[in-house]
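Worksheet: one structure, shown below.
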Amino acid sequence: MPEATCSGRVGRSARRRGYLMCRPTFFAVEYSINQWMDPAVAVDTGLAVRQWEVLRATLLSLGHTVELVEPVPGLPDMVFAANGATVVDGRVLVANFRHRERDAESAAYAAWFRTHGYAEVQRAEQVNEGEGDHLVARGHILAANGFRTERSSYAQTEAYLLRRVLGLTLVDPRFYHLDTALSVLDDEQIMYFPGAFSPNSLALLEQLFPDAILAEESDAAALGLNAISDGRHVLLPAEASGLAARLAQAGYEPIGIELGELRKGGGGPKCCVLELRRNVVDGAANRAAAYARRTRTAARSTRTSDVGA
Ligand code: ARG
């Protein structure tokens with residue numbers, strides 16, 4: 001929650017988070033499943049690991065917890081842990097990838113959750129790329145469609161994670177996952193690049209988040225929206241300097257992160273972390289129960305609020 005400080009500036013407070021990460025030991029660009037990936041461009045895996053270690057150390061220095069899932073040889077994109085699952089109130093919805101190249105990651109992530117104390121683990125039945133396409137804000141789940149996650153997956157997401165799903169359609173292939181186009185800064189505040197969304201989705205964002213921070217195209221194109229926020233510190237690609245200035249103006253502490261090698265795979269800081277929302281917090285249990293009651297009444301005709309294009 002923002003608080004006014006004596007200087008009149010808005011002070012922001014951080015909340016400790018738990019993240020799951022995967023060291024990019026086997027990172028490579030061997031295929032192309034997004035516009036950023038060019039197998040002809042050389043990748044320095046050692047440098048990717050060193051850059052990733054700085055990201056991990058930065059999160060630890062801010063007081064967050066980082067758990068690690070073992071990287072699997074032959075799965076070069078497994079470093080992008082955000083895609084492994086969506087974890088809300090301790091419930092884990094494991095990804096179902098669009099491309100066969102990433103398919104085997106689902107089993108690796110599911111196994112990690114099952115062996116680390118998560119009792120509720122379910123695999124998505126339709127294409128669903130985890131937290132890459134599902135962000136939690138205002139108690140709802142903002143879910144993308146257009147490039148990866150299918151709208152047809154929303155019904156399971158709502159029923160299993162017990163949160164309302166608001167569908168958002170992505171239209172620019174540079175921003176193929178929701179977390180490349182929009183970032184949740186705290187429970188109420190987001191930042192996004194308007195050009196990444198369909199007109200109807202944009203109208204929904206404007207209505208829900210009238211005070212959102214808007215990114216310029218140049219910052220978005222530097223993957224500036226692929227940011228990790230704890231409510232106060234915002235870790236974003238170092239190149240997104242315009243966005244960093246806007247964040248500072250709004251009372252956040254931007255921290256530039258250099259992840260040039262992983263960007264060759266189409267990812268930035270946020271893609272490398274999966275937030276482990278282990279606990280039911282902030283009245284979420286009551287909200288979820290009330291929501292479950294409502295949807296049971298509205299029953300079989302459960303409708304996700306997908307605004308489409
Ligand atoms: N090469 C990966 C893919 O195309 C990059 C994933 C980035 N992850 C993310 N959460 N945006 O699937």
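The values are calculated or read from the model by the stated rules, or taken from the named source; none is laboratory data. Small disclaimer: the values here were computed from a predicted structure and weren't measured. Neighbour counts run over all protein chains shown; Cβ positions are idealised from the backbone, glycine included.
Any residue at all in the range 202-217 that's in a strand (DSSP E or B), touching an Asp or Glu at 6+ places or on another chain (Cβ under 6 Å) and more than 15 Å from Asp133 (Cα to Cα)? No, the range 202-217 contains no residue that is in a strand (DSSP E or B), touching an Asp or Glu at 6+ places or on another chain (Cβ under 6 Å) and more than 15 Å from Asp133 (Cα to Cα).
State yes or no: is Ala104 more than 16 Å from the ligand (Cβ to nearest atom) and surrounded by fewer than 20 Cβ atoms within 10 Å (Cβ to Cβ)? No, not satisfied.
Filtering the range 85-101 down to residues that are part of a strand (DSSP E or B) and within 16 Å of the ligand (Cβ to nearest atom), which residue is surrounded by the fewest Cβ atoms within 10 Å (Cβ to Cβ)? Ranking the candidates gives Asn96 first. The combined condition, being modelled with pLDDT of 95 or more, hydrophobic (A, V, I, L, M, F, W, C) and closer than 30 Å to Gln122 by Cβ, is not fulfilled by Leu243. If the condition is being assigned to a loop (DSSP other than H, G, I, E, B) and either more than 16 Å from the ligand (Cβ to nearest atom) or over 16 Å from the mean Cα position of the chain (by Cα) (or both), then the range 227-264 contributes Asp230, Gly231, Arg232, Ala238, Glu239, Ala240, Ala250, Gly251, Tyr252, Glu258, Leu259, Lys264.
Does the range 140-149 contain any residue that is surrounded by fewer than 18 Cβ atoms within 10 Å (Cβ to Cβ), under 17 Å from the mean Cα position of the chain (by Cα), at pLDDT 95 or above and more than 11 Å from the ligand (Cβ to nearest atom)? Yes, the range 140-149 contains a residue that is surrounded by fewer than 18 Cβ atoms within 10 Å (Cβ to Cβ), under 17 Å from the mean Cα position of the chain (by Cα), at pLDDT 95 or above and more than 11 Å from the ligand (Cβ to nearest atom). So, Val127, is that one surrounded by 15 or more Cβ atoms within 10 Å (Cβ to Cβ), farther than 22 Å from Asn200 by Cα and away from the ligand (no atom under 15 Å from the Cβ) or not? No, not satisfied. Output yes when any residue across the range 161-174 is among the hydroxyl-bearing types (Ser, Thr, Tyr) and closer than 22 Å to Ile228 by Cβ, and no when none is. No, the range 161-174 contains no residue that is among the hydroxyl-bearing types (Ser, Thr, Tyr) and closer than 22 Å to Ile228 by Cβ.
Within the range 21-40, the set of residues being in contact (Cβ under 8 Å) with a residue 24 or more places away in the chain, within 13 Å of the ligand (Cβ to nearest atom) and not aromatic (Phe, Trp, Tyr) comprises Met21, Cys22, Pro24, Ala28, Val29, Glu30, Ile33, Asn34, Gln35, Met37, Asp38.
Screening Glu216, Glu261 for residues that are surrounded by fewer than 17 Cβ atoms within 10 Å (Cβ to Cβ) and not hydrophobic (A, V, I, L, M, F, W, C) leaves exactly one candidate, Glu216. Under the condition of being within 27 Å of Val234 (Cβ to Cβ) and over 22 Å from the mean Cα position of the chain (by Cα), the residues counted in the range 10-42 number 2.
Could you tell me which of the residues Glu30, Glu53, Glu67 is part of a strand (DSSP E or B), at pLDDT 95 or above and of a type outside the set (A, V, I, L, M)?
Glu67
Every residue, every condition in (1) free of Cβ contacts under 8 Å to residues at least 12 places away in the same chain; (2) surrounded by 24 or more Cβ atoms within 10 Å (Cβ to Cβ); (3) in contact with a helix residue (DSSP H, G or I) (Cβ under 7 Å, 6 or more places away or on another chain), yes or no:
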{"site": "Leu166", "(1), (2), (3)": "no, no, yes"}
{"site": "Leu170", "(1), (2), (3)": "no, yes, yes"}
{"site": "Pro173", "(1), (2), (3)": "no, no, no"}
{"site": "Thr180", "(1), (2), (3)": "no, yes, no"}
{"site": "Asp186", "(1), (2), (3)": "no, no, no"}
{"site": "Ile190", "(1), (2), (3)": "no, no, no"}
{"site": "Gln207", "(1), (2), (3)": "yes, no, no"}
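The residues of the range 160-200 that are assigned to a loop (DSSP other than H, G, I, E, B) and either within 14 Å of the ligand (Cβ to nearest atom) or basic (Lys, Arg) (or both), listed by number, are Arg163, Arg164, Asp172, Pro173, Arg174, Phe175, Tyr176, His177, Ala181, Phe193. When you look at Tyr154, is it within 14 Å of the ligand (Cβ to nearest atom), crowded, with 24+ Cβ neighbours inside 10 Å and among the aromatic types (Phe, Trp, Tyr), yes or no? Criteria not met by Tyr154. Residues in the range 113-124 that are of a type outside the set (D, E, K, R) and touching a helix residue (DSSP H, G or I) at 6+ places or on another chain (Cβ under 8 Å) were compared, and the one that is surrounded by the fewest Cβ atoms within 10 Å (Cβ to Cβ) is Gln122.
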